[in-house]
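Please read the structure below before turning to the comments.
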Amino acid sequence: MTMIADILLVAGALGAALYCYVLSRRLRRFTDLEKGVGGAVAVLSVQVDDLTDILNKAQTTAKASVDQLDAVSARAEAAQRKLELSIASIHDVPEPAQPSIAESPFFVRRAADVNAKS
């Protein structure tokens, strides 16, 4: 009986050793920097660094665009004030006299037609 127990104990130990060996090989492949999850994590880490740099550049560019847009907006508001002042001053100018037939913007083929229309 003791011999059977010893044989089963040795078989169990060999089975556990084989299981640990297979598990260690799988774990080694899993964390491999070339093909496994370790490689994926390394690649993702590099991509995060690249995206952070790109985001910082985009923020700098956006800030420069906002500053430029503020400057253009200020110029447009100044021009608007000048135009409003010009339009307000036009109301003080008297209206021009009505143009005569000779100064008419319409083309007249014959002078007789002008006299007939009047």
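The values are calculated or read from the model by the stated rules, or taken from the named source; none is laboratory data. Since we're looking at a predicted model, the values are computed, not measured. Every residue, glycine as well, gets a Cβ built from its backbone with ideal geometry; the counts of neighbours run over all protein chains shown.
List of remarks:
- Whenever a residue of the range 25-37 is of a type in the set (Phe, Trp, Tyr), its partners that are in a loop (DSSP other than H, G, I, E, B) and at pLDDT below 80, lying with C-beta atoms within less than 7 angstrom and at least six residues away or across chains, give the pairs PHE30/GLY36.
- For the range 34-79, filtered to residues that are outside any helix (DSSP H, G or I) and of a type in the set (D, E, K, R), the residue that is surrounded by the most Cβ atoms within 10 Å (Cβ to Cβ) is LYS35.
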